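The numbers here are math on the coordinates, done by the rules we state, and not lab data. In this text the structure is predicted, and so the values were computed from the model without any measurement. Counting neighbours? That spans all protein chains shown, and the Cβs are built from the backbone with ideal geometry, glycine included.
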Number of protein chains: 2
Amino acid sequence: MTAMFGFQIEASAGAARAGRLTLPHGAVETPVFMPVGTQGSVRALSPADLQAAGASLVLANAYHLHVRPGEAVVAKLGGLHRFMAWERPLLTDSGGFQVFSLAGFRRVDDAGVEFQSHVDGSRRTLTPESATEIQWTLGADVAMAFDHVVAGGADLATARDALERTLAWLARSARRHAELAQGSARQTLWPILQGGSHVALRVAGLRRLLALGDWTGLAIGGLSVGEPKPVMYALLDAYLMGVGFPEDLVAAVERGVDLFDCVAPTRNGRNGTAFTPDGPVNIRNAEHREDPRPLDPSCDCETCATFSRGYLRHLFVSEELLGLRLLSLHNVRYLIRLAEEMRATIRHNAFGRWADDWRRRYLHPGAA
Amino acid sequence: MTAMFGFQIEASAGAARAGRLTLPHGAVETPVFMPVGTQGSVRALSPADLQAAGASLVLANAYHLHVRPGEAVVAKLGGLHRFMAWERPLLTDSGGFQVFSLAGFRRVDDAGVEFQSHVDGSRRTLTPESATEIQWTLGADVAMAFDHVVAGGADLATARDALERTLAWLARSARRHAELAQGSARQTLWPILQGGSHVALRVAGLRRLLALGDWTGLAIGGLSVGEPKPVMYALLDAYLMGVGFPEDLVAAVERGVDLFDCVAPTRNGRNGTAFTPDGPVNIRNAEHREDPRPLDPSCDCETCATFSRGYLRHLFVSEELLGLRLLSLHNVRYLIRLAEEMRATIRHNAFGRWADDWRRRYLHPGAA
């Protein structure tokens, strides 16, 4: 799974922008939220659920699918789109983050990473080349370059070392990808910007990363972003990895980010927390016991159109599986609608005002 | 939940019949399989899933809903149909079985049963009158009379004692139900035949039960049925409680039973076992790893129309929630289609031959 990274919410000049990303399996309007299907399934949701929720792009994880069932099995079953029965665009994360966060043992050198599978403890190696091959075999629309992730609090020397390695690995990932693609447009490769929480390092890294290729997109990984210069994004679609709490999405769009993935809507949904325009709601609370209202009267998802808060609470208190799905479905739809709303307000040049109002209501409900 | 009761499969003259049960929330074609929503939710499935699977009738449990969230809460949220968002017919089990199978402490006398809630350990009492009131408040189309269930292996004296009490409680349930209904057709009450595995006791009990009212249906509870005389069912819609393995359904329909409920399709589905015309399939088996075929090529459910066995196996091996839902959905659809098929063959006077062929294939796949 992709981690949650903090995102500093600060006043900003605002470089929010709306656009369109054209991929082999369809076009994606941005800003957009991308649900996470780590193991090839968005937890508790079916492809039909995701389609109903308006998802246009789904993330899966090369590390997880490599470890289980293996990319060769996925290929034999028709590739990742067919395997998951998801005919719209897919993005696979390269496995860099998972190798550094999930594996027990790991050894990094310039060649790549040796690690232990979190599933069966077997020793495995990932290199920029093999991570690229795995993703090519899986066949997602967007592959990510293999990166060296360091902890958020890493000191400058450690962060610089990891950035240098990530840039060297990027060149190797891109070379292998070009060999595999042989000019076809079946899959595009995106780099991941690292650099810890050192802003100057990030800015220098971004310049060098841009010099390495004519990328169709760029991901910002493993960090608190600080204040990237809006001008640097002017030519790019930027994808902020692992960020997906509503307030983070609004703040990131404000700074020019186009694409997000996060397990928050499904994980929080399974924990009984629902996103609403008035802030998060814990459906287990006793106050919902006899509440006939929907979770969010402004929402058009199946959960809100069909069930009362009282019933949803009953499902959670009684540990019924349906509850996990219904709140996950609502939360995914909520973030997709939030992105839709941001696209519309950006197109009407009303984003700044909208964001202020949105934040007032979401962060301080009932204060007006 | 309703228990699994064994059903002896023996050669029989065959009294299979097709019919129609008209209830306040719609008509139900019989023989029919009724999915079990013990706590007001069929495990892992939404009402839309059930509708897509062709369910015409769903069972919920008065005991569970009484203990949590309480029938008063359900009534405040608009009654059981609205609570569950299920607009088709509903049946509630009376709680007799649960009191005798789930409660830790219990004390039975002629007045009723004192027991301990399996949820919070609180002391509670159920009587024929209160079980009837709870079900009236919940508002299902069919309520069941409160019964005294004994273990399948109970001796004749114990079984006779429980049958006598069940008959006395039936008269009280019916009286209270008539007071509440005041002639309205909003809900119908069905008796439950007890008698352990003592056939003569069952037959005598059935005669007395029939003499107690002009029932629109009758349930056979808590037993191995043995050999009920087909003639005794001639005037009745019979409902065999808790029976739902495919081979049991076929054998019971052969003997004139119209209605079944069972947790088998959802429980087995959650365990990774799928019903197919060639017998049960354990989707976790390694043989399915690279299998691109659907679970059951003859099935029209979302699972079979969308996903490969290889993907379904991956979901189970990876412990993805979606797998629980997809196999539950398939199994429910499988039993509903099995009942549909039986209705059609009965109407074409071809049931006997069909049942032989069905059994040959289901119980001995690959033997032809």
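Tabulated results
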quantity: Projected label distance in nm at residue A:211 and residue B:208, using a 7 Å step from Cα toward the beta-carbon; calculated: 9.7 nm
quantity: ³J(HN,Hα) computed for each position of region A:313-329 - Karplus, 6.51 cos²θ - 1.76 cosθ + 1.60, integer Hz, glycine/proline x; calculated: 4, 4, 4, 6, 5, 8, 6, 8, 4, 4, x, 4, 5, 5, 6, 4, 4
quantity: Positive dipole terminus of chain B, leading residue within B:134, B:317, B:56 (C-beta point charges); calculated: B:134
quantity: Range of Cα positions in region A:1-153 per principal axis (Å), largest first; calculated: 43, 43, 28
quantity: Label zone at residue A:87 (point 7 Å along Cα-to-Cβ), backbone N below 19 Å, region B:287-306; calculated: B:293-294, B:300-306
quantity: Inter-probe distance in nm under a simple model that places probes 7 Å from Cα toward Cβ, at residue B:341 and residue A:161; calculated: 6.5 nm
quantity: Alpha-carbon centroids, region A:66-87 and region A:242-259: separation in whole Å; calculated: 30 Å
quantity: Highest-fluctuation residue, B:90, B:326, B:102 considered, GNM on chain B with Cα pairs under 10 Å; calculated: B:102
quantity: Ascending list, in nanometres, of distances separating the residue B:179 label from those of the other copies (7 Å, Cα toward Cβ); calculated: 8.6
quantity: Cβ-based charge dipole, chain A, positive-most Cα from A:122, A:41, A:346; calculated: A:122
quantity: Amide proton proximity set for residue B:295, modelled H, under 5 Å, gap of 5+; calculated: B:309
quantity: Label-point gap, in nm, between residue B:179 and residue B:199 - each point 7 angstrom along Cα→Cβ; calculated: 4.1 nm
quantity: Rel. contact order, % - alpha carbon contacts under 8 angstrom, at least six apart, chain A; calculated: 20 percent
quantity: Listed residues A:217, A:205, A:180: farthest to the positive end of the dipole of chain A (Cβ charges); calculated: A:180
quantity: Computed [θ] at 222 nm, helices only, for chain A once each DSSP H run of length n ≥ 4 contributes -39500 (n - 2.57); calculated: -12000 deg cm²/dmol
quantity: Cysteines having no other Cys beta carbon under 4.7 Å from their own, within chain A; calculated: A:262, A:301
quantity: Cα centroid of region A:276-317 to Cα centroid of region B:139-177, whole Å; calculated: 38 Å
quantity: Antiparallel bridge percentage (DSSP; both residues within the protein assembly as shown; nearest 5); calculated: 40 percent
quantity: Total charge dipole magnitude, the protein assembly as shown, about the Cα centre, Cβ charges on Lys, Arg, Asp, Glu only, Debye to nearest 20; calculated: 40 debye
quantity: 10 Å binning of all Cα-Cα separations within the protein assembly as shown, expressed as whole percents from 0 upward; calculated: 3, 14, 21, 20, 16, 12, 9, 4, 1, 0
quantity: Long-range HN-HN contacts of residue B:220 with modeled amide H, under 5 Å; calculated: B:193, B:239, B:240, B:241
quantity: Calculated label separations, residue B:107, copies of the chain, 7 Å along the beta-carbon direction, nm; calculated: 7.1
quantity: Phi to ³J(HN,Hα) by Karplus 6.51 cos²θ - 1.76 cosθ + 1.60 over region A:159-172, Hz, x for Gly, Pro; calculated: 5, 5, 4, 5, 5, 4, 5, 4, 5, 5, 5, 4, 4, 6
quantity: Label 7 Å beyond Cα on the Cβ vector: residue B:118 copy-to-copy distances, nm; calculated: 3.5
quantity: Given charges at beta-carbon only (K, R positive; D, E negative), |dipole| of region A:240-368 in Debye; calculated: 40 debye
